[in-house]
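Just below is one structure, and these are the notes that go with it.
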Amino acid sequence: MRVFRYPAPPSSAITPHALWLSRRNMLAAAAGAGLTGMIMPPRPAGAADLAAHPGALSGTGLKPTPLRDVTHYNNFYEFGLEKTDPAERSGAFHPRPWTVQVDGMVAKPRTYDIDALLTRPLEERIYRMRCVEAWSMVIPWIGFALRDLLAEVEPLGSAKYVAFESVVRPSEMPGQGGVLPVLDWPYVEGLRLDEAMHPLTILAVGLYGQTLPNQNGAPIRLVVPWKYGFKGIKSIVRIRLTDRQPRTSWNLRASDEYGFYANVNPAVDHPRWSQASERPIGAGGGFFGAARQPTLPFNGYGEQVAGLYAGMDLRRDF
Amino acid sequence: MAARHARPAGLIRLALYGFGLLPAAVSFVLGATDRLGADPVNTFERTLGLWALRFLILSLCVTPLRDMTGINVLRYRRALGLLAFWYALFHLSAYVALDQGFDLHTLLADVTERPFIILGMVAFTILAALAATSNGWSIRRLGRRWKVLHRLAYAAAICAAIHFILSFKVIRAETLLYGGVVAGLLAFRVWRALSRRAKPPPA
């Protein structure tokens, strides 16, 4: 009968207890990191960490849409018409170097460098986002109030509107080079000055604790939470104050379907579909995950913004 | 005679239904198990609608194919047409049940106010009528009127193609391609009818 003998290591080969403990810590840390990697989806290319303090104007009780869906289900026609195109086709886009020109009817026109803008005090704002296509998300944006920027350039008394313009770079944005006319480039948007000065209106430079991924409008975009998503112009290069109502891209494409105001309004339908309810994106569970939910007037921000439109017929000025 | 030819044709027909219904089955399973992307109901609806249009177009290709190449697949036309009807029914059901959750108020507004939806409903109604009369008894019973009735397949295809074009915010190359194919099929049919009328067969 064979007797099994344990291999006995020489005492010199035995790891000292203290060292053994530190190795355990290292392994535990590595395992933790691996776990984090599984829970947090890989960060979109080019995104960097961005610090922000929680904003007082964040909605309460909102459950953010998963980062994966926020960054992979996008309408950004500069990169293509499919929801997956912006994530897949924005890799060649360069959000640096970048400047935003702020001019028009202002006392102190300025050109801001994006890196200087990122050093401002930034806030996290968790906002609802309602697309005109009747789906919605909840997004933890990072940014600053547009009113703070406008205050620095000192709008003149004659300024009544703010016009925004996106970048045009067909070599980096494949959707701008198509044969069929989609939208006229650059993408343009506009707000009334009082809408632009409202504390809920922000310029976002990040989301989910990171700088803005290319597909979400890097490096800087507009977020107006009580309006349909298309008002949130992306990759802004110019902000101009004016006394005339600015032309806006979707209104130019189909003025009977997309108005200048584009306030979220369940009572005013799109000619092709109802706006009374919305499909929450990223609810999980497939077909039976989350049913439609009712759309709220001004996307739930009526208490803060309804006063801006007192006396207006919002069916006519949709 | 029928029995001799029935077996291979019957098998092909069975395979046609089997493979034809596969896209619906696959996307249903994917959607029910949350593997159909961020907006699964919308993706499912669009998949079903697109396959309805595809089968409808294929059913309309049967006659031009025979006229132009001599290849006769007439015996499979009914299967193609019925597949188009089934997909249209699935598409409508997904919209009514999964998307709108039987919200009758919205659905009523849809079919009374929105041309985009009305076009889809007209196409579906025609396909339902054609499916209901796609059997030997109806053919014998309706006689000449059966042919006239089933020419409405072209009207259904036109409505469905416009419905497809309108289902996106902007005009897309893909939707225009489908619209172009439907227009081409209709043009062929009209041209053939006119050229036959111009040259009456010898008495």
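Numerical summary
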| quantity | calculated |
| --- | --- |
| Out of B:GLY20, B:GLY81, B:GLY31, sole residue that is closer than 20 Å to B:SER167 by Cβ, touching a residue at least 12 places away in the same chain (Cβ under 8 Å) and part of a helix (DSSP H, G or I) | B:GLY31 |
| Check on A:ASP85, on the phi < 0 side of the Ramachandran plot, modelled with pLDDT of 95 or more and more than 17 Å from the chain's Cα centre (by Cα) | no |
| Search result, residues across region A:265-281 that are at the interface with another protein chain (Cβ under 7 Å from one of its Cβ atoms) and small (Gly, Ala, Ser) | A:SER274, A:ALA276 |
| Residue in region B:112-126 that is over 20 Å from the mean Cα position of the chain (by Cα), assigned to a helix (DSSP H, G or I) and on the phi < 0 side of the Ramachandran plot present | yes |
| Filtered residues of region B:129-150 (kept if in contact with a Gly (Cβ under 8 Å, 6 or more places away or on another chain) and either on the phi > 0 side of the Ramachandran plot or part of a helix (DSSP H, G or I) (or both)) | B:LEU130, B:ALA131 |
| Residue selected from region A:165-199 under the condition farther than 18 Å from A:GLN215 by Cβ and β-branched (Val, Ile, Thr), by the criterion surrounded by the most Cβ atoms within 10 Å (Cβ to Cβ) | A:VAL188 |
| Residue ID - farthest from the other protein chains (Cβ to nearest Cβ), chosen from residues in region B:84-100 that are over 19 Å from the mean Cα position of the chain (by Cα) and in contact (Cβ under 8 Å) with a residue 40 or more places away in the chain | B:ASP99 |
| Identity of the residue in region A:81-94, more than 10 Å from chain B (Cβ to nearest Cβ) and buried (at least 21 other Cβ atoms within 10 Å of the Cβ), that ends up farthest from B:ILE171 (Cα to Cα) | A:PHE93 |
| Qualifying residue in region B:75-86 (condition: modelled with pLDDT under 95 and surrounded by fewer than 15 Cβ atoms within 10 Å (Cβ to Cβ)) | yes |
| Of all residues in region B:31-53 being facing chain A (nearest Cβ under 8 Å) and either surrounded by fewer than 20 Cβ atoms within 10 Å (Cβ to Cβ) or touching a Ser or Thr at 6+ places or on another chain (Cβ under 8 Å) (or both), the one that is nearest to B:VAL122 (Cα to Cα) | B:PHE44 |
| A:VAL182, sole failed condition from (1) in a helix (DSSP H, G or I); (2) within 14 Å of chain B (Cβ to nearest Cβ); (3) of a type in the set (A, V, I, L, M) | (1) |
| Unmet criterion (only one of (1) crowded, with 21+ Cβ neighbours inside 10 Å; (2) touching a residue at least 24 places away in the same chain (Cβ under 8 Å); (3) basic (Lys, Arg)) for A:ARG253 | (1) |
| Residue pairs meeting the criteria (Cβ under 8 Å; at least 6 apart or on separate chains; first in contact (Cβ under 8 Å) with a residue 40 or more places away in the chain and more than 14 Å from A:GLY229 (Cα to Cα), in region A:72-86; second outside any loop (DSSP other than H, G, I, E, B) and hydrophobic (A, V, I, L, M, F, W, C)) | A:HIS72/A:ALA87; A:ASP85/A:PHE79; A:PRO86/A:PHE79 |
| Given (1) in a helix (DSSP H, G or I); (2) closer than 27 Å to A:GLU133 by Cβ, number of the condition B:ALA38 does not satisfy | (1) |
| Subset of region B:151-192 [assigned to a loop (DSSP other than H, G, I, E, B) and within 13 Å of chain A (Cβ to nearest Cβ)] | B:SER167, B:PHE168, B:LYS169, B:VAL170, B:ILE171, B:ARG172 |
| Matching entry among A:VAL237, A:VAL162 (being in a strand (DSSP E or B) and crowded, with 20+ Cβ neighbours inside 10 Å) | A:VAL162 |
| Qualifying residue in region A:282-290 (condition: crowded, with 18+ Cβ neighbours inside 10 Å, touching an Asp or Glu at 6+ places or on another chain (Cβ under 8 Å) and within 14 Å of another protein chain (Cβ to nearest Cβ)) | yes |
| Unique residue being under 30 Å from A:ARG89 (Cβ atoms) and in contact with a helix residue (DSSP H, G or I) (Cβ under 6 Å, 6 or more places away or on another chain) when the list is A:PRO174, A:PRO186, A:PRO140 | A:PRO174 |
| Verdict on B:ILE126 being out of contact with any Gly (no Cβ under 8 Å at 6 or more places or on another chain), at pLDDT 95 or above and closer than 14 Å to B:LEU92 by Cα | yes |
| Test: residue in region A:298-316 that is within 14 Å of chain B (Cβ to nearest Cβ) and closer than 26 Å to B:PHE116 by Cα | no |
| Flag for A:THR71 being surrounded by 20 or more Cβ atoms within 10 Å (Cβ to Cβ), assigned to a helix (DSSP H, G or I) and modelled with pLDDT of 95 or more | yes |
| Filtered residues of region A:128-159 (kept if touching a strand residue (DSSP E or B) at 6+ places or on another chain (Cβ under 8 Å) and part of a helix (DSSP H, G or I)) | A:LEU146, A:LEU149, A:LEU150, A:GLU152, A:VAL153 |
| Count of region B:37-95 residues which are closer than 15 Å to B:ALA24 by Cβ and of a type in the set (Val, Ile, Thr) | 3 |
| Residue in region B:147-155 that is of a type in the set (Ser, Thr, Tyr) and surrounded by fewer than 19 Cβ atoms within 10 Å (Cβ to Cβ) present | yes |
| Residue within region A:119-127 that is surrounded by 19 or more Cβ atoms within 10 Å (Cβ to Cβ), assigned to a helix (DSSP H, G or I) and not aromatic (Phe, Trp, Tyr) present | no |
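The values are calculated or read from the model by the stated rules, or taken from the named source; none is laboratory data. Small disclaimer: the values here were computed from a predicted structure and weren't measured. Note that each Cβ is placed from the backbone with ideal geometry, even for glycine, and that neighbours are counted across all protein chains shown.
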